[in-house]
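Student: First the structure, which I've put down as structure tokens, then a few questions once you've had a look.
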Amino acid sequence: MGFEAQVKKNKNTIYVPDIARITRIEYLSPTEKVFKIVFDDEEKRNSFSFKPGQFVELTLFGLGEAPFSIVSNPTNKDFFKLCIRNAGNISNALHRMVEGTKIGIRGPFGNGYFPYQKMKNHNVLLIAGGLGIAPLMSLIRYILHYREDYKEIMVVYGAVDPGSILFKNEIQYWSNRGDISLCLSVDNPDNKWTGEIGVCTKLIPRVDFPPEDTYVVVCGPPVMYKYVIYELEKKKFKPENIYLSLERRMECGVGKCNHCHIGDKLVCVDGPVFNLWEIRNLKEAL
Ligand SMILES: Cc1cc2nc3c(=O)[nH]c(=O)nc-3n(C[C@H](O)[C@H](O)[C@H](O)COP(=O)(O)OP(=O)(O)OC[C@H]3O[C@@H](n4cnc5c(N)ncnc54)[C@H](O)[C@@H]3O)c2cc1C
Ligand code: FES
């Protein structure tokens, strides 16, 4: 039996992916590309929906599977997008794929996502380091879609150098809108850089949102979290209003294999987004 026939036969099995295609590939930087993905099956295409912060498991047939955060706006129907860094086996192979390539998708997964409903009528501060901007993109795009539902919005984004800033066109669009504040910082500026220099943590003391009326979301390399939390707590942001997206090595993505556990939490089902209150006492969480 061919693979697609097997997929149809086992449609209700959690481990069998749905068939989809890469319909567009956008170059973002020397190490990141954005992949637009469309399910082959019309019913699946119509029923697929996700929340900001959720992820999918992507299968490259014959190679394996890896989890990726969805970066597109949840209000977009018919397709979704992933931003992928070429970091190893599967991601390098994905970077060599062309438009039209057939892939498998399971998900969306993650019961812990960004609390976009609770954030309504509050300020939202989004802090990203490097590729950490990717999981935040779906939230930022959603908030901007329903901009009038939220108070002040600020994005603090740090990258290694100007060439590695992701989503530059969209960031330019945000700065033209005038209803979202931006603080960009790079560790290694070039001679054209006019923005901030240094780690993005340094920008947090300048944030003047009232802590009791602000939700904070953070995503970046593990080393960043400790310093960001320290700065946020100095400013009296409440742990229950600080949300962090965590990454762990995953296998099943659905809470069966225990690969992604941190203490009694499974990142794939309880996360990948947690509030600081939930995880601060879990060994190895941060
Ligand atoms: C919830 C979630 C969301 C994610 N979202 C994104 C995203 O939006 N974009 C993105 O680019 N990536 C994302 N990732 C990471 C992604 O899933 C892959 O880990 C990444 O693409 C590398 O996979 P790979 O197969 O290409 O590389 P691998 O071949 O797995 O290698 C990658 C690196 O990991 C090391 N490594 C390999 N195996 C192990 C192991 N068992 N333990 C420790 N280290 C190991 C390798 O030496 C190498 O340095 C996410 C991960 C999670 C859990
Ligand atoms: S990846 Fe299997 S339990 Fe989380």
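Student: About its Cα centre, what dipole magnitude does the chain give when the only charges are +1 on Lys and Arg Cβ and -1 on Asp and Glu Cβ, stated in debye to the nearest 20?
Tutor: 260 debye
Student: Here's another thing I want to ask about it. If we count chymotrypsin sites (Phe, Trp or Tyr not before Pro) as exposed when they sit in a DSSP loop and have at most 16 other beta carbons within 10 Å, what is the longest stretch of the chain that avoids them all?
Tutor: With chymotrypsin sites (Phe, Trp or Tyr not before Pro) excluded where exposed in loops, the chain gives 194-286 as its longest stretch.
Student: Given the options 16, 254, 71, state which has the largest fluctuation in a GNM of the chain using a 10 Å cut-off (strictly under) for Cα springs.
Tutor: Result for the chain, Cα springs under 10 Å: 16 fluctuates most.
Student: Report the trypsin sites (Lys or Arg not before Pro) located in the stretch 230-268 that are in a DSSP loop and have at most 11 other Cβ atoms inside 10 Å of their Cβ, or state none.
Tutor: Working: sites: 234, 235, 236, 248, 249, 256, 265; in loops: 235, 236, 248, 249, 256.
Within the stretch 230-268, the qualifying trypsin sites (Lys or Arg not before Pro) (loop, at most 11 other Cβ atoms within 10 Å) are 236, 249.
Student: Sum -39500 (n - 2.57) across every DSSP H segment of at least 4 residues in the chain, then divide by the residue count to get the 222 nm mean residue ellipticity, nearest 500.
Tutor: Taken over the chain, the calculation gives -6000 deg cm²/dmol.
Student: Further question: Quick one: of 36/226; 151/238; 168/265; 102/168, which pairs are farther than 26 Å apart, Cα to Cα?
Tutor: 36/226; 168/265; 102/168
Student: Name the residue from 140, 124, 183 whose Cα lies farthest towards the positive end of the charge dipole of the chain, charges +1 on Cβ of Lys and Arg and -1 on Cβ of Asp and Glu.
Tutor: In the chain, that residue is 140.
Student: Quickly work out the residue 147-to-residue 38 label distance, labels modelled 7 Å from Cα along the C-beta direction, and quote it in nm with one decimal.
Tutor: Placing both labels 7 Å along Cα→Cβ, they lie 2.9 nm apart.
Student: Still on this structure, I have one more. Using a Cα-Cα cut-off of under 20 Å, which aspartates and glutamates could be cross-linked to residue 283, ignoring same-chain neighbours fewer than 8 residues away?
Tutor: 233, 240, 247, 264, 270
Student: For the stretch 193-257 and the stretch 103-130, what is the separation of their Cα centres, given in Å?
Tutor: The stretch 193-257 and the stretch 103-130 have Cα centres spaced 13 Å from each other.
Student: Another question about this same structure. Does anyone have the angle between helix 222-234 and the longest principal axis of the chain? Alpha-carbon axes, 0 to 90°, nearest 10?
Tutor: 40 degrees
Student: When only DSSP loop residues count, what trypsin sites (Lys or Arg not before Pro) in the stretch 149-223 have their Cβ near at most 13 other Cβ atoms within 10 Å?
Tutor: Loop-located and lightly packed - 192.
Student: Amide H of residue 80: which non-local residues (sequence gap of 5 or more, or other chain) have their own amide H closer than 5 Å, using H built in the peptide plane?
Tutor: HN-HN under 5 Å from residue 80: 37.
Student: Would you mind computing, in nm to one decimal, how far apart the modelled labels at residue 208 and residue 277 are, each placed 7 Å from Cα along Cα→Cβ?
Tutor: About 2.9 nm, to one decimal.
Student: Could you list, by residue number, the cysteines of the chain that have no other cysteine's beta carbon within less than 4.7 Å of their beta carbon?
Tutor: 83, 183, 200, 219, 260, 268
Student: Now, a different point. Using a basic spin-label model with each label point 7 Å from the Cα along Cα→Cβ, how many nm lie between residue 102 and residue 236?
Tutor: A separation of 6.0 nm, rounded to one decimal place.
Student: Could you work out which residue, out of 111, 169, 92, moves most in a Gaussian network model of the chain, that is, has the largest mean-square fluctuation with Cα springs under 10 Å?
Tutor: 169
Student: Another question, if that's okay. 5 Å is the cut-off here: which amide hydrogens, built 1.01 Å from N in the peptide plane, fall below it relative to residue 101, excluding neighbours closer than 5 in sequence?
Tutor: Amide H neighbours of residue 101: 22.
Student: Measuring with a 1.4 Å probe in the full set of protein chains, what accessible area per residue, in whole Å², belongs to the stretch 1-137?
Tutor: Accessible area per residue, the stretch 1-137: 45 Å².
Student: Same structure, new question: What net charge is computed for the residues neighbouring residue 197, neighbours being all others with C-beta under 12 Å from the C-beta of residue 197, Lys and Arg scored +1, Asp and Glu -1?
Tutor: -3
The values are calculated or read from the model by the stated rules, or taken from the named source; none is laboratory data. From a predicted model like this one, the values you see are computed outputs, not experimental measurements. So basically every Cβ, Gly included, is an ideal-geometry build from the backbone, and we count neighbours across all protein chains shown. The accessibility values were calculated without ligands, DNA or RNA, using every heavy atom of the protein model including side chains. Shrake-Rupley method; radii C 1.70, N 1.55, O 1.52, S 1.80 Å.
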